[in-house]
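Only one structure is covered here, and it is reproduced in the block below.
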Amino acid sequence: MALKHAVLAALLGGEYSGYQLTKIFDVGVSNFWYAAPQQLYAELTKLEADGLIAGREVVQTGRPNKRMFTVTEAGAAELATFAATPSKPLLIRDDLAVKVHAVDHVDPGPVIEQLRERAEEAAAKLALFEQILQRMRGDQDEATFLRQGEHVGPYLSGLAGCRLEREMRDWCLETARALTGRAAHTRRTNS
């Protein structure tokens, strides 16, 4: 998958400025694709040059003009081709997992602290994703929304984000507890 596919998918919800797109990525897309704002702006320029999105200038009074972007037919066709292409397995590159892997040979204190911090970050993201999903569902319960609601794709990818953050939070807390218990046991044994 390329960044272009994530940008095209995010733009399917309507017409957005680059600034709005960065906010969409911060909240709704970050659970499956991270991109810095400068990467998004560069990608918008490429996608427009390739005819996959269309941009239009919006004149604003007292503020700089802005460009609004929508997906073109060619962009929709690109997404259809992408959707039909087999997906690659999820690859994880997490420096905290490497630190945990090496914890038998390093001071576990900083690793435990980082696990607790990551757990807090995951809990905050989980709460945010749950709020977004609730807003998307409105008054409908989840089963009804999944059967009848509009824009089920972003909802389903949001569910994946919730599950990943919940699992990360739980793993970090369990791992921190295990390492803390081992450290306490080692101190008692060596005393």
Exercise for review: Kindly indicate the residue of the stretch 133-151 that is among the hydrophobic types (A, V, I, L, M, F, W, C) and closer than 21 Å to Val27 by Cβ and also surrounded by the fewest Cβ atoms within 10 Å (Cβ to Cβ) among those meeting that condition.
Suggested key: Leu146
Check your understanding: Is it the case that some residue within the stretch 58-66 is touching a Phe, Trp or Tyr at 6+ places or on another chain (Cβ under 9 Å) and surrounded by 13 or more Cβ atoms within 10 Å (Cβ to Cβ)?
Key -> yes
Practice item. Considering each residue of the stretch 1-40, count those that are part of a helix (DSSP H, G or I) and surrounded by fewer than 15 Cβ atoms within 10 Å (Cβ to Cβ), and give that number. Key: 6
Review point. Which of the residues spanning the stretch 147-177 are in contact (Cβ under 8 Å) with a residue 24 or more places away in the chain and outside any helix (DSSP H, G or I)?
Key: His151
Exercise for review: Write out, first by first residue and then by second, each pair whose Cβ atoms fall under 6 Å of each other, whose residues are 6+ apart or on separate chains, and whose first residue, in the stretch 1-28, is over 18 Å from Val152 (Cα atoms) while the second is assigned to a loop (DSSP other than H, G, I, E, B).
Suggested key: Leu3/Ala35
Review point. Any residue at all in the stretch 143-158 that is among the hydrophobic types (A, V, I, L, M, F, W, C) and within 27 Å of Lys4 (Cβ to Cβ)?
Key: yes
Study note, to complete from the structure: Counting only residues that are of a type in the set (Asp, Glu) and loosely packed, with under 11 Cβ neighbours inside 10 Å, the stretch 95-124 contains a total of 3
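No value in this document is a laboratory result; all are computed from the given coordinates. Just so it is clear, the model here is predicted, and its values are computed rather than measured. Please note: Cβ atoms are built from the backbone with ideal geometry, for glycine as well, and neighbour counts cover all protein chains shown.
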